[in-house]
Structures are given as structure tokens and as C-alpha cells.
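> Have a look at this one before I ask anything.
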Amino acid sequence: MAGRDSARAGSGQGGRYFYLSYAHSAPLTGSRRADPDRWVRRFFLDLRDAVAFRASPKSGLAPGFFDQEVPLGSDWKAVRTQALCSAEVFVPLYSPSYFAWSLPGREWACYRQRMIQAGVADPLRRFVPVLWIPLPSDRDPPGLPQSLAVGATEPAYAENGMRALLRLAPYHTSYRLIVDRLAARIVDLADNAPLGPSVVPDVDETESEFSPEAVAAVFSVTVAAPARAGLSALPRGFDPACYGDRGIGWRPFPQEQELSLAYYATQVAEQLDFGVVVTDIEMPGHVLGHRPGVILIDPWFVAHDQERHALRSHLYGLPSWVLPLIVLGSPGSADAASHARRVRTILLEAGMGNSETARRGVDGVSSLREFFALMPVLVAEAERQYLRRGPMAPSTARPGSRPRLAGSRPAGLIPQPHREVPDA
Amino acid sequence: MGSPADRLAEVRRNTSDAVIRLAYHAALPVVIDAGLLNLLRVNFFLDPPDVLPFEAGAALLLSSLFREIGNDLYEIDPEVRNILLIGLQTTYKSERVRQVAQLLMHYTYSSPAWTVQPELERAQQLTALSFVDPARARSWLDEAQPGAAGEALSREWFVAMRRRLEAQPRASSAPDEVARAAAQLRDRRLEGRLSAVHTLAALAQLPDTNIDPIAGALAGLVRLRRTEESGESLAEDARAALSVLLGLGEDYADLVISLSERAPGGPVTAVLATGERSRPPPADAEVLAELAPLFFVSHALQALGRREKDARRERSQSLLQFFDDLSENVADLVALPTGRDPGFLEGTIPGGSRWTDELLRAVGTCQAFVALLSPQYFASAWCGMEWNAFSLREVVPRAQASKGPGHQSGIVAVNWTPVQEKQIPRVVNAVQQFSPEGLPDPDIARQYRSEGVLGLLRLGQNAAYEAVVWRLAQHIADNYFNYQVKPRILRRSDLRDAFQER
């Protein structure tokens with residue numbers, strides 16, 4: 001598992017040839033499938049290799065940036081910002097979701113801002129879009145004709161998009177040809193007209209280029225973990241390095257994670273196109289259950305009778321769109337395991353283990369890797385439950401879009417990352 | 001708890017027919033423990049056709065058929081016990097009944113756990129004896145005296161045992177019992193008729209019974225009550241009978257439809273409406289459609305015979321793979337938000353019967369109806385009803401659609417297995433069948449036509465299969481961008497088998 005040092009190294013001191021920007025795919029019901037973004041990963045590796053093959057050794061640039069290569073426990077936003085600052089070319093994977101979801105459009109706008117601020121005469125020239133999934137015919141995003149020109153000799157490209165060319169064996173020749181042409185274009189731009197790093201605006205503060213009116217659905221991340229002030233009351237056996245000034249500062253894997261677990265949960269939900277509200281379960285007036293969400297639970301939270309009763313009353317009667325996730329920190333002690341058993345009992349008594357997905361959350365995770373594997377499944381399932389069973393309001397949105405809560409993206413509600421480092 | 005029929009159906013759904021047959025054997029003793037149940041399994045369920053692992057016994061003891069009465073002992077509710085004993089007699093004949101009784105006798109003598117409970121030990125022995133030699137059992141009871149030498153048995157015990165032996169079901173077989181219950185359907189008292197309906201419902205759940213006479217008797221009751229009473233509402237016993245008929249599966253769908261035809265939206269609706277727990281459908285169909293799955297997969301998998309479990313599992317694996325692949329592609333093509341299901345596959349809702357509100361809602365709100373054609377599909381009345389229900393919906397071009405008008409039905413007819421021209425019903429023929437056009441390898445379209453999607457999967461033709469699914473997803477997405485199928489709140493009276501209209 002990557003630690004903080006590798007996180008820093010991963011952000012790269014030098015620049016990169018390209019930044020790959022794409023809309024994440026949500027896990028579908030039952031999640032019988034492995035990684036829903038596996039085809040993006042395959043494409044990235046192919047493009048990276050093709051760029052590396054053509055790259056000039058003198059350029060000093062790393063080939064490409066892809067968010068799945070960011071070390072799990074690092075400061076994702078910082079790494080992404082660093083990559084946006086230093087990439088010579090921006091490669092967006094155009095798909096219907098790319099224009100419908102918030103994050104890709106904000107990355108696009110950030111990069112364009114950087115080009116304008118850096119005085120690049122024609123900012124769009126630094127974009128090398130890829131038609132990933134075919135678009136409805138009324139969509140005409142910037143740079144699409146140029147993008148399709150890359151595949152002018154391959155009519156299957158415009159008709160099917162790059163993902164289908166990669167997925168379907170009869171198209172593999174076309175696929176390889178286009179990857180090579182994209183790589184040639186990227187290397188040509190970077191080597192013959194190098195930009196060098198320059199600043200980008202904050203991606204969270206930037207409006208999406210494509211759907212500025214979009215209002216994100218809101219997802220809640222609730223944390224049930226002790227705060228540092230309450231530690232003295234706990235029985236022995238816990239790791240004080242895990243805890244922050246508030247419960248939401250909890251880091252169950254302090255050796256591996258730079259920021260709080262709630263921060264990473266937020267990142268995962270944002271990638272699936274949610275605005276996120278993070279709250280401490282003990283926060284006065286906090287109401288669980290009026291929106292889809294996940295409760296991250298530290299077994300040590302119930303080491304005390306008082307908290308155990310509190311947790312029980314918080315969880316009682318919660319709707320099916322709030323899912324629990326027990327996280328066993330490392331190294332797990334025997335005490336932690338027995339607390340975890342208590343938490344599971346409380347969850348099952350509260351009726352929170354009724355679906356297969358919920359049971360996976362009750363079983364819990366004991367590493368960051370497991371956490372990142374399960375979290376998107378929980379987010380998608382919570383929203384799915386909410387759509388099926390939650391309160392319904394008439395909506396005037398266009399077909400295919402999700403009923404959204406009123407108000408703008410709740411940027412003000414998203415807490416800043418918690419960089420709480422325990423006293424040495 | 002539920003009625004005996006419900007409990008049998010539930011256990012059968014969650015386990016297998018073989019486990020129900022093990023339950024036949026376990027019904028003979030007064031009470032049973034895990035050791036005795038395992039002994040029955042080892043004696044009768046280690047060889048084909050019914051091979052059961054050790055865990056099957058545990059699953060049975062923990063099922064709703066049994067009730068734990070302490071000391072690791074379990075008993076069956078008398079009503080269920082009678083039905084199971086009828087199953088034992090019907091499937092395995094008297095010889096097996098005798099073998100089980102002897103085994104019980106033997107186990108009772110040799111099991112130290114029971115010798116400390118003399119009343120139980122004696123009760124088991126007497127029960128076993130009553131199956132092997134009823135006359136001897138009765139005379140033993142008559143001769144033995146409470147408090148006599150060596151017998152630590154109370155007077156209450158003797159009274160209870162005498163009553164139990166009198167109530168013990170005759171070793172009768174299912175056809176006899178069905179005939180008896182059918183006769184009882186003409187009982188003058190309502191309770192008598194209701195009890196007969198419940199008996200028939202329970203008998204229908206035995207894996208080896210012939211269901212036809214049961215369905216015939218119940219249908220007869222419904223018809224009779226309808227001619228007797230001209231009012232709109234159907235009598236309680238007829239409603240109960242209809243409800244049982246609905247649970248018998250799609251082989252009896254035609255019968256149910258014919259019974260409800262004379263009063264559209266009448267009795268069947270009433271029965272279904274009282275029998276289901278579900279949120280009432282919101283009135284605003286447009287809102288509903290926004291949340292609905294985009295495509296609905298209509299298939300005839302349930303139409304396979306009850307005994308083809310393994311074949312069914314294999315087919316349902318293929319169906320699930322197809323559904324997942326199509327879902328993934330459609331979700332990407334139309335940018336569905338997180339948490340919204342691209343497709344609806346009937347049977348994916350655990351524990352649901354076929355015509356749930358959720359299914360009706362999905363047929364009434366989806367944008368594409370993907371029909372997996374096969375000979376079984378055309379033979380299935382349920383599939384015909386789904387087809388008919390969907391085709392009642394109006395299709396209009398979307399305002400921003402750039403493609404010209406054209407006849408669109410929203411129905412996507414896919415060759416699941418090869419079908420012959422002459423098998424295809426008229427309504428299906430009227431819809432243009434899907435074909436994967438414009439692929440670089442023309443062989444793929446040809447293979448699809450000759451093998452069907454299931455054939456491509458079975459033959460390991462992955463490249464062809466993936467290409468077909470991709471074209472299918474594009475076709476669904478195209479239709480979705482260009483046309484809207486107007487949502488419609490479907491009523492059960494909209495259910496007619498479209499395939500019968502040739």
C-alpha cells in the first residue's frame with residue numbers, strides 16, 4: 001500500500017504529456033461486475049504506451065495522468081490539481097455522461113482557464129478529445145469534428161465510439177490505428193509547442209463548462225467515531241493516531257491515509273455526480289435519513305455504553321437508503337473485533353442488514369483498498385433505494401435526468417479536507 | 001406463519017423439491033431431532049434421483065415447516081404434517097412408510113437422548129407402531145394402564161395419545177385426498193368450503209402431485225359461485241380459489257384469464273389487490289417514468305418445466321449475463337444517473353410473484369420492450385400479456401428528434417433461440433425484428449439469425465455476442481432519443497394474451 005511519500009512522488013515533479021478526463025461509471029444493481037471503469041483503464045494504458053513510444057526522451061515529461069493511478073490514501077484533490085497544472089494536453093473522453101455530470105465539465109473548464117491565463121492563443125488546440133461513447137445527434141461539443149477527423153479513415157469510429165472499438169474484436173485494427181494517431185497528436189503538441197506548468201483555478205470553485213445550471217443530487221456521509229477529546233474515557237487498545245478533533249477527522253489507517261476517511265468517501269460520491277454533506281453522527285440537530293447516505297462506523301465508537309445507546313437510537317427506524325459501513329482500522333485488535341461484533345448486532349437489530357449490499361457494509365472492510373472497492377457500490381445502492389422508495393416530487397427535468405434537489409451544488413456544505421495530524 | 005400452502009411454497013422456493021421429499025419422511029415421527037433427520041437422509045437421500053447434503057437437513061429444521069420445542073427437538077404443525085404424509089404415501093407408497101416407521105422404532109430404542117424422557121420415547125414407539133400395525137397400537141393403548149408396573153406414564157399421556165392416534169391421517173394418497181377435498185368444495189357451510197380450498201392449495205405444493213384436477217376443482221367452484229350470485233363482488237370462497245389458481249403458475253394463466261374475462265377488472269383485480277403488499281402506485285405516471293427502468297426484458301424462462309432445475313440455472317446464467325451486458329451499454333449510451341436501473345428483468349425481485357405491482361409499473365413506464373423470442377416465448381401466456389400491455393402505450397416522436405417520423409412500437413424483438421417462421425404469432429410478425437446491421441463482419445448477423453443470442457453464448461462466440469449486444473444497446477438508445485413511449489398506469493384488466501390472436 002502506498003504511503004505518503006509515494007503520494008508525493010505520484011504527483012510528479014515534472015509535467016505530463018496528457019491528462020485523461022472522463023465520467024466515472026456507476027456500479028449497476030447487484031454489482032455482479034468488477035470495476036465498471038475497466039475499459040477506461042485499458043484505453044489509458046494503451047494510450048500511455050503509445051505516447052511513451054513516441055515521446056522524446058529529452059522532454060522530461062511523464063506520459064499521462066489517470067485518476068485511478070493516484071495512490072489511494074493521498075490527497076486526491078492536490079494530486080489532481082497538480083496534474084491539471086502540468087499536463088501539456090487535455091484528453092477528454094466524450095460520452096453522454098461527460099456532458100451530463102458535474103466533475104468532468106469542471107475539469108474541462110479548469111484546463112481551459114489555465115490555457116487562457118497562460119496566454120495560449122487558441123486554448124481548444126490543447127484539447128485532444130476522444131469520442132468514447134456515441135453522443136445523441138443533438139450534441140455538438142467543442143472539438144468534436146477535429147476529434148472525429150483523427151478517425152476519418154475509420155468510419156466505425158464515429159458510429160461506435162472508441163470504447164466499442166476496444167471492446168469488439170472486429171474493430172481492433174481501427175482501434176490501434178486511432179490510438180496511435182491520438183498519441184502522435186499529443187506528442188506533437190507537447191514536444192513542438194511545450195507550455196510548461198502554470199496555475200489552474202480550484203476545481204471545486206469552477207462552474208462546469210457544459211451544464212452550469214446542473215444541480216447535483218445530495219448524498220450524506222455520516223461518521224460515527226470518537227473525537228480526540230473523548231479518548232481518555234475509552235478502554236485501552238485503540239490507536240490514538242486515528243482520531244481528530246472531531247469524529248469526522250477519523251483516519252482508521254493513519255499510516256496510509258493523508259486525509260480523513262470522510263474525505264475519501266466524499267471523493268467517491270462526487271465522482272458519481274453527487275454533492276456531499278459530511279456530518280458527525282453526534283452533531284446536534286442532525287437528522288439522518290432524509291437523503292441517501294452512508295454511515296461510516298468505527299467499532300471503538302461503541303466501547304462506551306453511552307455511545308452504544310446513542311448509536312442504537314440514531315439508527316433505529318432508518319430508511320433503506322441509508323447504508324452502514326463498518327471500518328476496522330489497522331492493526332485490528334481483539335478488542336476492536338469484539339466492538340465490531342457489538343456494532344453488527346446493533347445494525348442488525350435496527351434492520352440495517354436486509355439487502356445484500358447492506359450486509360456487505362455490515363460485514364465491513366479492513367483496508368483502504370476494500371473501502372474504495374465497496375464505497376461506490378454503497379453510494380449507488382443508497383441512491384437506488386432512494387429513487388425507488390424515497391419521497392417523490394414532480395419534476396420538469398428532461399427525460400433521463402435524475403430528479404434533483406433544489407438549490408445549487410452545496411459547495412458551502414462540503415467541509416474542507418481534514419488535515420488533522422495528532423500531536424507527536 | 002402463513003397457511004400450510006404458503007409455508008410449503010416458501011420452503012420449496014428456497015430449497016428444492018428433494019428437501020420437501022425429505023420433509024415427507026420427517027413428518028412421520030411425533031417430534032424429530034437433527035440426528036433422526038440425518039438418519040432419514042442417509043437412508044433415503046444418498047442416491048439419485050434425490051441426493052441431499054448434510055446441510056439440507058439443517059435447512060429443513062430451521063425452515064418455517066418446523067417449530068423448535070426445546071431440547072433440540074422440533075415438531076411440525078399438524079396440518080402441514082398431514083399434507084406431508086400424503087406426499088410420502090403418494091410418492092413412495094406404503095412400503096416406504098413402513099421403512100420409516102421401523103427406522104423410527106430403532107432410533108428410539110438406541111438413542112440415549114430420548115430414554116430420559118419416557119413419555120416421548122413411548123409416544124415415538126407408539127406412533128411408529130401405529131403406521132406398521134394400527135390394530136396392535138390401539139390394543140396396546142387399551143391394555144396398558146396408567147401407573148402400571150414399569151410404566152411412568154401419566155393419565156394425561158394416555159388421553160393425549162389416544163386422541164393423536166385417532167386423528168392420525170389414514171395412509172391415503174394425493175389423488176384420493178384431492179377427490180375428497182373437491183367433494184368438500186360443495187359443502188353447505190362456508191368454513192367447510194374454505195378449508196377444502198386450503199387443503200387443495202397445500203396439496204398443489206407437493207412436488208409430485210398432478211395439479212390439473214386441483215385447478216379443475218377450484219375453477220369449478222369459481223364458475224359455480226359466479227352463476228349463483230349475480231352481484232359484482234365474488235364470494236369469499238371463490239376469491240380464495242382464484243387466489244390459489246393465480247399461484248399455480250403460468251400453466252394455468254389461461255384458466256385464470258377465462259375465469260376473469262366475464263368481469264374485466266373485477267374479481268382478479270380484487271384478489272390481487274388484497275394479496276399484495278406494496279406501495280400504492282403514485283398517480284403521476286410522468287414522474288414515475290423518469291425513475292423507471294429504461295428497458296424491460298420479457299422472457300419465457302419461467303415457462304420451463306418444474307423439474308428442469310439445472311437447465312434453468314444454466315439458462316438463467318446466460319440471461320443474467322445478457323442483461324448485465326445490455327444494462328452496462330445502455331447506461332453509458334444514455335448517461336443514466338447513478339442509482340437508476342437501465343433495465344428491468346422480471347424475476348430479479350426476490351420473492352416476488354410474477355404479476356407484482358412493480359412489474360406492471362415497469363411494463364407501463366419503460367421506454368423499450370425487449371422480447372427474447374423463442375418457441376417457449378410464444379407459448380407463454382404471461383409473455384403474451386406483457387407484450388399486449390406494452391403495446392397499449394402510445395409512441396410519439398420527441399420534440400427535439402432530428403430523425404423523421406416512422407412507425408415505432410418501442411418493441412425490440414430479439415432472437416433468443418432460433419425460431420421458425422411458422423411459429424411466430426401474427427402480432428410478433430407485425431414488428432420488425434432486430435438485426436445487428438453494419439458490423440464489419442457480415443457473418444455476425446448471419447450467426448445471430450441462425451443461433452440466437454443464447455446460441456452465441458453457448459457456442460462461445462464472444463466476439464459475435466458482444467457485437468450483437470452493442471448494436472442492440474445502440475438501437476434502444478436511438479429509439480429513446482427519438483421517441484417517447486407515453487407512460488400508462490396499467491390495470492390488471494389490460495392483461496390479455498396477445499399471442500392467441502392469430
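> How many partner chain Cβ atoms sit within 10 Å of a residue's Cβ in peptide B:325-335, on average, as a whole number?
The mean count of partner-chain Cβ atoms within 10 Å per residue comes to 6.
> Mean separation of Cα pairs under 8 Å and 6+ residues apart, divided by the residue count of the range B:418-502: what relative contact order is that in percent?
40
> If you count, for every residue in B:373-379, the Cβ atoms of partner chains within 10 Å of its Cβ, what is the mean?
Mean shielding count: 0.
> Amide H of A:VAL89: which non-local residues (sequence gap of 5 or more, or other chain) have their own amide H closer than 5 Å, using H built in the peptide plane?
A:PHE18, A:TYR19
> A further question follows. A:THR279's amide H: which non-local residues (gap 5+, or another chain) put their own amide H closer than 5 Å, with H modeled 1.01 Å from N in plane and none for Pro or chain starts?
A:VAL221, A:THR222, A:VAL223
> Averaged over peptide A:130-136, how many Cβ atoms belonging to another chain are found within 10 Å of each residue's Cβ?
Going residue by residue through A:130-136 and averaging, the value is 4.
> Let me ask something else. Can you compute the modelled spin-label distance between A:ASP122 and B:LYS93, with each label point 7 Å from Cα toward Cβ, in nm?
Result for the modelled spin labels: 9.2 nm.
> Report D for the range A:4-192 in µm² per second (integer): Stokes-Einstein, Kirkwood Rh on Cα pairs, 37 °C, 0.692 mPa s.
Estimated via Stokes-Einstein, D reaches 192 µm²/s.
> While we're here: Per 10 Å bin from zero, what fraction in whole % of the C-alpha pairs of the range B:1-124 is there, up to the bin with the longest pair?
13, 48, 34, 5
> Could I ask something else about it? Using +1 at the C-beta of Lys and Arg and -1 at the C-beta of Asp and Glu, which of A:GLY244, A:VAL362, A:SER338 has the Cα lying farthest in the positive direction of the dipole of the range A:217-413?
A:VAL362
> Sorted by mean Cβ packing within 10 Å, highest first, what order do the peptides A:353-365, B:323-335 take?
Going by the mean number of other Cβ atoms within 10 Å, highest first, we get B:323-335, A:353-365.
> GNM, chain A, Cα, under 10 Å: largest mean-square fluctuation among A:GLY244, A:GLY143, A:GLY329?
For chain A, modelled as a Gaussian network with Cα springs under 10 Å, the answer is A:GLY143.
> Normalised by the empirical 2.2 N^0.38 Å for globular proteins, what value does the Cα Rg of the range B:437-502 take?
Dividing the Cα radius of gyration by 2.2 N^0.38 Å gives 1.56.
> Mind jotting down a quarter of the surface of the convex hull over the alpha carbons of the range A:217-413, in square nanometres, one decimal?
With the hull built on Cα positions only, its mean projection is 11.1 nm².
> Also, quick follow-up: Pulled fully out, how much extra length does the chain show between B:ARG223 and B:ARG162, if you take 0.36 nm times their separation in residues and subtract their Cα-Cα distance?
17.8 nm
> Right, here's the next one. Please list 3J(HN,Hα) in residue order for the range B:158-167, calculated via the Karplus relation 6.51 cos²θ - 1.76 cosθ + 1.60 where θ = phi - 60°; whole Hz, with x for glycine and proline.
3J(HN,Hα) across the range B:158-167, in whole Hz: 5, 4, 5, 5, 5, 4, 5, 5, 5, 7.
> Once every Cα of the range A:310-366 carries one equal point scatterer and solvent is ignored, give the base-10 log of I(q)/I(0) from the Debye formula at q = 0.24 Å⁻¹, two decimals.
-0.94
> Relative contact order, percent, of the range A:171-259 when contacts are C-alpha pairs under 8 Å separated by at least 6 residues?
Worked out over the range A:171-259, it gives 18 percent.
> Rg(Cα) of the range A:244-339 divided by 2.2 N^0.38 Å?
1.11
> Roughly speaking, what % of Cα-Cα pairs in chain A are separated by over 31 Å, rounded to a whole number?
Here the tail beyond 31 Å accounts for 43 percent of pairs.
> So, one more: Listed highest first by mean packing, meaning other Cβ atoms within 10 Å per residue, what order do A:299-310, B:477-488 come in?
The densest-packed peptide leads the list: B:477-488, A:299-310.
> With runs of 4+ DSSP H residues as the only contributors, calculate the mean residue ellipticity of chain A at 222 nm using -39,500 (n - 2.57) per run, divided by the residue total and rounded to the nearest 500.
Rounded to the nearest 500, the figure is -12500 deg cm²/dmol.
> Calculate the tail of P(r) for the range A:93-201: the fraction of all Cα-Cα distances greater than 25 Å, expressed in %.
Taking all Cα-Cα pairs of the range A:93-201, the fraction more than 25 Å apart is 26 percent.
> Okay, moving on. Using θ = phi - 60° and the Karplus curve 6.51 cos²θ - 1.76 cosθ + 1.60, what whole-Hz ³J(HN,Hα) does each residue of the range B:235-242 get, with Gly and Pro shown as x?
4, 4, 5, 5, 4, 4, 5, 4
> While we're here: For A:ALA310 and A:ASN192, calculate 0.36 nm times their separation in residues minus their Cα-Cα distance, and state this gained length in nm to one decimal.
The A:ALA310-A:ASN192 span can extend by a further 36.1 nm.
> Place the peptides B:155-161, B:95-101 in order of packing, highest mean first, counting for every residue the other Cβ atoms within 10 Å and averaging per peptide.
My ranking of the peptides, most packed first, is B:95-101, B:155-161.
> Next question, about the same structure. Pairs of Cα atoms under 8 Å, at least six residues apart: use those to get the relative contact order of chain A, whole percent.
Rounded, it is 17 percent for chain A.
Laboratory data are not the source of any read-out in this text; all were calculated from the coordinates shown. Not measured: the values here are computed from a predicted model. A quick note on method: Cβ atoms are made from the backbone with ideal geometry, for glycine too, and the neighbour counts reach across all protein chains shown.
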